[in-house]
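The values are calculated or read from the model by the stated rules, or taken from the named source; none is laboratory data. What you see is a predicted model; the values in this text were computed from it and never measured. Ideal geometry is used to build each Cβ from the backbone, glycine not excepted, and the neighbour counts take in all protein chains shown. Calculation scope for accessible area: heavy atoms of the full protein, side chains included, ligands and nucleic acids excluded. Shrake-Rupley method; radii C 1.70, N 1.55, O 1.52, S 1.80 Å.
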Amino acid sequence: MTPLVNEPMADTRDMYMAHTALHREFRLLPDLIRSVAPGDTRRAEVVGGHAALLCRVLHTHHEGEDLLLWPKLAERAGAEAAVIVPMMEQQHQAIDRAHEAASGLLGSWRSTGRGGEELADAFEQLATKLIRHMALEEKEILPLAEKHITAAEWHRLGEHGMAGTPRKDLPLVFGMAMYEGDPEVIKAVLAKAPLPVRLLVPVVGRRRYASHARQVHGTVTPFRVRS
């Protein structure tokens, strides 16, 4: 079944922005962990808090796709989805297992500063699986979404992400995505928000991420994926 022909279809540009942020932060994370001196619990708590935030964002992001995207594509895209959607689901399961392995080590490291190399290796495995998955998703899934998912349905993915993120974290998470985001895409993402939100979120988000990046990465301009 395909959506009504007169309905506007998904603008998937925001997914590239979200993927870029996840790619950047998970790619940098293993070396951040390795840079913490054994027993330095203060620094371990800073980096560990950052890792925990990334894990929450990733979980919510993939949960939304599992609930709201894969079933619709499997129903509507026919043969185009017959192989790639099950592959996406299998990759999510593999990422979930890597996520659980890394998360299981994180708490102890945050409190003791010990076991950093094992934790870094676990996050490296997670990052490798995640980055490969996102590249395949961008190549195969997003073109299907633009053909088979309506703009309203796509918007619900974003709403799921916002609902699953604590309000105190929203400016930082949005700023993290905006760091390498296309200004036109940022404008489109905020288009339906109230005017105060459209005006304030870009400013507050950038400030929050700059402060966070300075604390975590030691610079307000960390490595850029799409430079």
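Here is how the numbers come out for the structure above:
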item	result
Extension reserve of the residue 34-residue 159 stretch, reckoned as 0.36 nm per residue once the Cα distance is removed	41.5 nm
³J(HN,Hα), Karplus 6.51/-1.76/1.60, whole Hz, each residue of the range 161-166, x for Gly, Pro	x, 5, 5, x, 10, x
Between helix 116-136 and the chain: long-axis angle, C-alpha atoms, 0 to 90°, nearest 10	20
Probe 1.4 Å, protein heavy atoms only - accessible area per residue of the range 73-117 in square angstrom	52
Cα gyration tensor of the range 1-98 - equivalent ellipsoid semi-axes, whole Å, descending	36, 15, 10
Potential lengthening between residue 43 and residue 79 on full extension [0.36 nm per residue; Cα-Cα distance subtracted]	7.9 nm
Value of relative contact order over the range 1-121, rounded to a whole percent, pairs C-alpha under 8 Å and six or more apart	44
Residue 187 versus residue 210: modelled label distance in nm, points set 7 Å from Cα along the beta carbon direction	2.2
Tilt relative to the chain, helix 195-217 - C-alpha long axis, 0 to 90 degrees, to 10	40
Under-5 Å amide H pairs with residue 9, H placed in peptide plane, nonlocal only	151
Segment residue 147-residue 220, length gained on full extension (0.36 nm per residue, minus Cα span)	22.5 nm
Pairwise FRET efficiency - residue 197 versus residue 89, Cβ, R0 = 41 Å, nearest 0.05	0.75
The range 67-129: radius of gyration over Cα atoms, expressed as a fraction of 2.2 N^0.38 Å	1.56
Degrees separating the helix 13-34 axis from the principal Cα axis of the chain, which is the longest one	20
Computed helical MRE - 222 nm, the chain, DSSP H runs ≥ 4 contributing -39500 (n - 2.57), nearest 500	-24500 deg cm²/dmol
Two-site FRET efficiency, residue 111 against residue 167, from Cβ-Cβ distance with R₀ of 30 Å, rounded to 0.05	0.70
Of all accessible heavy-atom area on the chain, the percent that carbon and sulfur account for (1.4 Å)	56
